[in-house]
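Just so it is clear, none of the values below were taken in a lab; they were calculated from the coordinates. These figures come from a predicted structure and were not determined experimentally. Please note: Cβ atoms are built from the backbone with ideal geometry, for glycine as well, and neighbour counts cover all protein chains shown.
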């Protein structure tokens, strides 16, 4: 079900990693900060793909998890200095996990388009919670004047105010996320998740607790999105309700689709491509959003399997659409109304 | 009489005013094939779905051994020892035979959902998958992609997946559907072997197969049981003859 990485892919990953490690030395500061931002977006795309690609569930509330973790950092940062990362990060992630568990437990009772709508509704609820109340400065958002402090026994271990240090921390988080998702996808858990995506009824009749499985994937995915949100908020020093809105959730989805859902790293490629494209267009054209849209439409038409398909084509020399992992064997639709809803 | 592995009492399923199944009681013993037959629309598939938990009951009770499973969801029934096949083949088409069966074996293992560690190296799961594949006679096809096999082999694979979950009771929903003569006779032989140490409830339209395999028969019509007993008893039962002659001439002959 999951293809192993080819030697070419391994070399490409090693080269990208080497380039990333060298970036702060060879590139000016602006690009280091830009790359940090892009990597955090990449983490977000990787997290979403655990649910969308491997779980078969399109979530439109991952932006809310991203933004919520950022707000948590904002709440936990005192006026006088940085919050301790050892305290603020776990609190932020556990808050996201708790919220995701509630949203997941309710929305995972629905399927298909209804799941999309319910997650969208929950995401918007969180958006309006921060937008229309005075929590976190209302629609104005709030500033985070100090980056979190990473200290052991009172002495600073890493200084996130330095953009190079921040870059390496973001890189470590990204690599950790990719390894985590790779491990999950190959584990018994991952195989069961993919089986439930391909044929829910069969997975149930084999004895897999599909609801619990999906809930666990949803919460893990939300926590990774929260991790990205925490560091994004730290980087920009500002959080606003827009971070929780559906627009970001939809952008994440574009990254996932653009990169390709059937591989672990495809969404990362999609995220980097989208952010890079925006950056290039923004500096050259006034109506850059229009051009961006046209390019994305063109890419999706040319590469229905995502940018990862490009890599596959370069390797095999063929333009055949790769197996997208749509392992659907006559999916037996659960008859509405009579299927058991208790899980 | 040997041990009763499945006992359903007064099962009923209503859809609004329509009773798809009403007052159906059935039991299946160890080492036995109990076949359920009846004309189209008799409620046989609904009965299987009630027993497997795919459809919830309106009234009645289902016992698996000593355990009341009436209100358990399908996945919990599967873990309790109830396996089923579907009328339409529901294998994972793009995976190999071995991957399909390993997934099923994993579902029944103690570590079905471990978050870490590779599935591929779990020797206990692999061994159970191998033995299920051997039992249905697909050992030489273990590394074949499922969708590349014949219909008959795909049905065998589906049975192997059920076996890998180590069921006490197996529900087979028309296992011979769409099969040719040769495929059907090897499937009949397979089902005949499967019953030992287990119990099988078989829904099937092929009367030759039913009378070759069944130790006992239950005949349904319009959602209710009209006759039950040994094949010889059922074959000559007047209600059965009229039910079949009324709808499906000669099928019970």
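Result for chain B in a Gaussian network model with C-alpha springs under 10 Å: among B:222, B:75, B:122, the largest mean-square fluctuation is at B:122. For the stretch B:90-166, relative contact order (Cα pairs under 8 Å, six or more residues apart, normalised by length) works out to 51 percent. Per-residue ellipticity at 222 nm, computed for chain A from helices alone with -39500 (n - 2.57) per DSSP H run of at least four residues, works out to -22500 deg cm²/dmol. Along its principal axes, chain A has C-alpha extents of 60, 49, 45 angstrom, given from the largest down. Between the helical axis of B:97-108 and the longest alpha-carbon principal axis of chain B there is an angle of about 80 degrees. As a length-normalised measure over Cα pairs under 8 Å and 6 or more apart, the relative contact order of chain A settles at 30 percent.
Indicate the gyration tensor shape class of the stretch B:70-113 (rounded, prolate or oblate), computed on the Cα atoms with a ≥ b ≥ c the square roots of the eigenvalues: a/c under 1.5 is rounded; otherwise a/b larger than b/c is prolate and the rest oblate. Provide the component values of the computation, followed by the final result.
On the way: a/c = 2.91, a/b = 1.34, b/c = 2.18.
The shape class here is oblate.
For the stretch A:1-154, take N as its residue count and report Rg(C-alpha) divided by 2.2 N^0.38 Å.
Details: Rg = 18.9 Å, N = 154, 2.2 N^0.38 = 14.9 Å.
Dividing the Cα radius of gyration by 2.2 N^0.38 Å gives 1.27.
When the Gaussian network model of chain A links Cα atoms closer than 10 Å, the mean-square fluctuations of A:69, A:20, A:100 top out at A:20.
The relative contact order of the stretch A:173-258 comes to 16 percent, based on Cα pairs under 8 Å that sit 6 or more residues apart. So if I take the centroid of the Cα atoms in the stretch A:153-221 and the same for the stretch A:241-291, what is the distance between those two points in Å? First find each Cα centre; the distance between them is then 21 Å.
Per-residue Cβ counts within 10 Å, from other chains only, averaged over B:87-94: what number is that? Write down the numbers at each step before the final one.
On the way: counts 1, 4, 3, 11, 6, 10, 7, 9.
Across B:87-94, the average partner-chain Cβ count within 10 Å equals 6.
Size descriptors for the stretch B:90-166 (Cα atoms only): Rg and Dmax, in that order, 11.6, 36 Å.
Residue by residue through A:183-195, how many Cβ atoms from other chains fall within 10 Å of the Cβ on average?
On the way: counts 4, 2, 0, 5, 8, 16, 9, 6, 11, 7, 1, 3, 8.
Across the residues of A:183-195, the mean count of other-chain Cβ atoms within 10 Å is 6.
Of all the options A:67, A:141, A:245, the one that moves most in a Gaussian network model of chain A with Cα springs shorter than 10 angstrom is A:141. For chain B, the longest principal axis of the alpha carbon atoms and the long axis of helix B:238-247 meet at an angle near 70°. Applying the Kirkwood pairwise sum to the alpha-carbon positions of the stretch A:183-313 produces a hydrodynamic radius of 17.1 angstrom.
The distance linking the stretch A:25-104 with the stretch B:158-198 is 50 Å (Cα centroid to Cα centroid, whole angstrom). For the stretch A:92-174, the fraction of C-alpha pairs farther apart than 17 angstrom is 68 percent.
For chain B, the spread of Cα positions along the three principal axes, ordered from largest to smallest, is 58, 40, 37 Å. Here is how the number arises for chain B: DSSP H runs of 4 or more residues each give -39500 (n - 2.57), the sum is divided by the residue count, and the result at 222 nm is -11000 deg cm²/dmol. In chain B, the longest principal axis of the Cα atoms and the axis of helix B:123-136 are about 40 degrees apart.
Roughly what % of Cα-Cα distances in the protein assembly as shown sit above 33 Å, to the whole percent? Of the Cα pairs, 52 percent sit more than 33 Å apart.
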